[in-house]
1. To the nearest 20 debye, what charge dipole does the chain have about its Cα centre, counting +1 at the Cβ of each Lys and Arg and -1 at the Cβ of each Asp and Glu?
2. Restricting to the chain, what percent of DSSP beta bridges are antiparallel, rounded to 5?
3. Report, please, the projected area of region 1-159 averaged over directions, based on the convex hull of its C-alpha atoms, in nm².
4. Dividing the alpha-carbon radius of gyration of region 53-92 by 2.2 N^0.38 Å (N being the number of residues), what value is obtained?
5. I need the phi-derived Karplus couplings for region 187-196: 6.51 cos²θ - 1.76 cosθ + 1.60, θ = phi - 60°, integer Hz, Gly and Pro marked x.
6. Take the alpha carbon atoms of region 33-90, find their center, do the same for region 109-152, and report the distance between the two centers in whole angstrom.
7. Can you tell me how much longer the chain between LEU224 and ASP8 gets when fully stretched, taken as 0.36 nm per residue apart minus their C-alpha distance, in nm with one decimal?
8. Where Lys and Arg each count +1 and Asp and Glu each count -1, what net charge lies around GLU210 among other residues with Cβ under 12 Å from its Cβ?
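A short reminder: the numbers here are calculations on the coordinates, not readings from a lab. As the structure is a prediction and not an experimental result, all values here were calculated from the model. All Cβ positions, glycine included, derive from the backbone under ideal geometry; neighbour counts span all protein chains shown.
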Amino acid sequence: MRVLVVKDYEAQCRAGADLVEEAVRRRPDCRLGLATGSSPLGLYRELIRRCREEGLDFSRTRTVNLDEYVGLAPEHPQSYRTFMDQQFFDQINIDKRSTYVPRGDRETEESLAEFRAVLDQGSTAVQILGLGADGHIGFNEPGETLHARAHVETLDESTIRANSRFFENRDQVPRRALTMGMGEIMAAERLLLLISGAGKEEAARRLLLEDLVTPRWPVTFLRLHRDATVLLTRDLAERIGYRENIM
């Protein structure tokens, strides 16, 4: 696991974009694993800039998203398909037919079968990840066990509370989501974890200052990956007492 401490969020996004750009330029038809939420927004903005101003070409790139809320149609304003279209896909030269966000508005078994089939269609060059305050990645919530494959996850109260900022009120937040399993996330050739924002201190400590791997803190499984990069801001590193020579 490689850990890079950067000056601020903008530097974090540039460093993450460097890694994604390297993968796309090396293999233009690669598949990228994408995340939603606040953490990757700056990364997407930087990739959009590079596409428009520096010729970064996504015309042959394929993408698959980590998750989607159960019960939301793709056109719902809070669906992750809408998020990805507005924040990324509509602003780069990607073929939208080559992008995949799981369908949350179909019967669960049908959606899961389709999601798993897409994930089985080749490898993911870079999987972008954010971090939940409870240590979840994707929507793999902490517990006694974790799923290896795509599944329906019941969201923890802390996740519902955190995600309520994207809805008019807490009651509108879906209680279940389709998500990649831990095995599918770990199968990516490279993992890129962005840690930013308030409330992530304890999860970051568990990953960076301990050597325990536990389903109680799903993010700790990144320690087992052959090529995982963690980007965190200097202020967060200082708050948790992380020193760059600690791995």
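1. 520 debye
2. Beta bridges within the chain, antiparallel portion: roughly 30 percent.
3. Mean shadow area of the hull around the Cα atoms is 10.1 nm².
4. Computed over Cα atoms of region 53-92, the ratio equals 1.36.
5. Residue by residue, region 187-196 yields 6, 4, 5, 9, 10, 10, 9, 9, 10, 8 Hz.
6. Here the two parts' Cα centres lie 17 Å apart.
7. So the chain would gain 75.1 nm between LEU224 and ASP8.
8. Once all neighbours under 12 Å are counted, the net charge is +2.
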